[in-house]
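Below is one structure, written out as structure tokens, with a few remarks after it.
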Amino acid sequence: MIRVAAVGDVHLGPDVRGRIRPHLSGIGEHADVLLLAGDLTQHGTMDEIEVVATEFRDLGVPVVAVLGNHDYQCDMEEEITAVLRDAGMTVLEGSGIVLSLPGGRLGVAGSKGFGGGFPGRGGSEFGEPEMKAFVRHSRRLATAMGEALCGLDADYRVALTHYAPVADTLEGEPCEIYPFLGSYFLAEAADNAEADLLVHGHAHAGSECGKTPGGAPVRNVALPVLHRAYAVYCLGE
């Protein structure tokens, strides 16, 4: 059995320094890995990401992250990624990693993902160049994540994103903003790769549990949804 801890949307910065760290003490007793589902900062600034690095470094378990839309706000995503990697974390974007854990090999492929919506309430590659570019960008990110997931030689595979892959976990959010909260392309890619678990954030007013059309469990781990420092999900229980 592999114990996967996850949280997203912590939105850290100097004003909330130390908010998360005390709750991570002893995480290795409860989990084998920690996944961070984006929106680690408030506005994507360097002083904010330094706080993130301090809060999540040296936990005694591997930490794997994707960035969120807030982390892109200042167009410093490359610098933010470098700070997190220097702190010992793995940051994914259209890429994956296989971790050798006590319960087996865990493969994690990640992408921030993007919007576009879901069947019956989404966009399409039709019309103006801007709309086609929006949807193509979403599809491209999902495809890259799916290809990375398929390439992982692991006992269990997890898709880690910021944007939601299904509408199930958006329940509680206004329907009008669903296209800006996620895309079904992510679920399609994960199902094609036979993922065992999908983890995302972004939807602060959503709900925790859902599933893909293929039946894989989906978990919204945004901190405002969990109301706790992290949730733990067991694979191979």
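The values are calculated or read from the model by the stated rules, or taken from the named source; none is laboratory data. None of these values were measured; they are calculated from a predicted model. Heads up, the Cβs are rebuilt from the backbone with ideal geometry, glycines too, and the neighbour counts pull from every protein chain shown.
Values as computed for the structure displayed
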read-out	value
Criterion violated by residue 187 - all others in (1) in a helix (DSSP H, G or I); (2) buried (at least 24 other Cβ atoms within 10 Å of the Cβ); (3) touching a helix residue (DSSP H, G or I) at 6+ places or on another chain (Cβ under 7 Å) satisfied	(3)
Qualifying residue in region 168-175 (condition: at negative phi, modelled with pLDDT of 95 or more, of a type outside the set (Val, Ile, Thr) and surrounded by 22 or more Cβ atoms within 10 Å (Cβ to Cβ))	yes
Pairs where the first residue, in region 222-235, is modelled with pLDDT under 95 and the second is surrounded by 20 or more Cβ atoms within 10 Å (Cβ to Cβ) and of a type outside the set (A, V, I, L, M, F, W, C), C-beta under 9 Å, 6+ apart	none
The listed residue being farther than 23 Å from residue 220 by Cα, in contact with a Gly (Cβ under 7 Å, 6 or more places away or on another chain) and surrounded by 15 or more Cβ atoms within 10 Å (Cβ to Cβ), out of 103, 107	103
Meets criteria (without any contact (Cβ under 8 Å) to a residue 60 or more places away in the chain, crowded, with 16+ Cβ neighbours inside 10 Å, assigned to a strand (DSSP E or B) and small (Gly, Ala, Ser)) for residue 159	yes
Selection within region 130-140 - surrounded by fewer than 23 Cβ atoms within 10 Å (Cβ to Cβ) and either within 11 Å of residue 186 (Cβ to Cβ) or in contact with a Cys (Cβ under 9 Å, 6 or more places away or on another chain) (or both)	139
Selection within region 21-74 - crowded, with 20+ Cβ neighbours inside 10 Å and among the aromatic types (Phe, Trp, Tyr)	56
